[in-house]
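Mind having a look at this structure? Questions to follow.
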Amino acid sequence: MDGMASLQGLIGGILIGLSATWLMATLGRIAGISGILGTLITQRPRGDSAWRLAFLLGLISGPVVLMMLGGGLGNVAGGGVDVTGEVIGAPAGGVPLMLAAGLLVGLGTGLGSGCTSGHGVCGLARLSPRSLAATVIFLVAAIVTVFVVRHVIGGGA
């Protein structure tokens, strides 16, 4: 990984923290993506939809603008070609597996009363015990998954 990728990650993390702080300071809301999207879809909040839509459009438009300005896909393999030095390679399992994984993430988000962004970024910043427990569980589950995939099943890099 080069220094530019690290710098981009640092800048992105700072912007995420600032946006979460801004949302809390101005609207008193938590920047948990699952809660923002879920409430917008399921509850259709009256008078509360504008900031939710703006937040979600910002999440989508930011990477699009970066690509239009020549930023490319960052460290993600483009066009299915694995180029040396890229951190994130092309999807290995195909679209059906990605759809199944997305559904499982959505299920986990519902069961965990939030996603990693809500608990890890915003909940920990508010010193929420529930978010601390959720974040520890996320990390332990990720460590176990990587161990099983790489050392038990024998897949992965």
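Take SER49 and decide whether it is among the small types (Gly, Ala, Ser) and either surrounded by fewer than 12 Cβ atoms within 10 Å (Cβ to Cβ) or in contact with a Leu (Cβ under 9 Å, 6 or more places away or on another chain) (or both).
yes
Shifting gears a bit: Contact list please: Cβ distance under 6 Å, first residue in region 46-71 and closer than 20 Å to ILE30 by Cβ, second residue open to solvent by less than 40 Å² (accessible area, probe 1.4 Å), pairs at least six apart or on different chains.
Listed pairs, sorted by first residue: ARG52/ILE36; ARG52/LEU40; PHE55/ILE36.
Name every residue in region 142-157 that is at negative phi and either outside the structural domain of LEU104 (by TED's automatic domain parsing) or in contact with a helix residue (DSSP H, G or I) (Cβ under 9 Å, 6 or more places away or on another chain) (or both), in order of residue number.
Within region 142-157, GLY155, ALA157 meet the criteria.
When you go through LEU53, LEU15 one by one, which is the residue that is closer than 21 Å to ALA125 by Cβ and at pLDDT 85 or above?
LEU15
Let me ask something else. Scan region 30-44 for residues that are surrounded by 11 or more Cβ atoms within 10 Å (Cβ to Cβ) and either of a type outside the set (Ser, Thr, Tyr) or touching a Phe, Trp or Tyr at 6+ places or on another chain (Cβ under 8 Å) (or both) and jot them down.
ILE30, ALA31, GLY32, ILE33, GLY35, ILE36, LEU37, GLY38, LEU40, listed by residue number.
Checking the structure you have, find out if any residue of region 97-110 is open to solvent by 70 Å² or more (accessible area, probe 1.4 Å) and at pLDDT 85 or above.
yes
Just for region 101-125: of the residues that are of a type outside the set (Gly, Ala, Ser) and without any contact (Cβ under 8 Å) to a residue 24 or more places away in the chain, which one is nearest to ARG29 (Cα to Cα)?
Here the answer is LEU124.
With the requirement that a residue be in a helix (DSSP H, G or I) and either over 25 Å from LEU111 (Cα atoms) or open to solvent by 40 Å² or more (accessible area, probe 1.4 Å) (or both), what does region 56-72 give you?
Hits for region 56-72 are LEU57, GLY58, LEU59, ILE60, SER61, GLY62, PRO63, VAL64, VAL65, LEU66, MET67, MET68.
With the requirement that a residue be in contact with a helix residue (DSSP H, G or I) (Cβ under 6 Å, 6 or more places away or on another chain), open to solvent by 70 Å² or more (accessible area, probe 1.4 Å) and more than 14 Å from LEU53 (Cβ to Cβ), what does region 17-29 give you?
Residues satisfying the conditions do not exist here.
Pick from PHE147, PHE138: which is at pLDDT 75 or above, over 24 Å from SER34 (Cα atoms) and assigned to a helix (DSSP H, G or I)?
PHE147 is the lone residue from the list that is at pLDDT 75 or above, over 24 Å from SER34 (Cα atoms) and assigned to a helix (DSSP H, G or I).
Same structure again: Would you point out which residue out of GLY85, GLY79 is loosely packed, with under 10 Cβ neighbours inside 10 Å, modelled with pLDDT under 60 and touching a helix residue (DSSP H, G or I) at 6+ places or on another chain (Cβ under 9 Å)?
The unique qualifying residue is GLY85.
The values are calculated or read from the model by the stated rules, or taken from the named source; none is laboratory data. Source: prediction; values computed, not measured. Neighbour counts are summed over all protein chains in view; Cβ atoms, including those assigned to glycine, are modelled from backbone coordinates with ideal geometry. Keep in mind that these areas ignore ligands, DNA and RNA; they rest on the heavy atoms of the full protein, side chains included. Shrake-Rupley method; radii C 1.70, N 1.55, O 1.52, S 1.80 Å.
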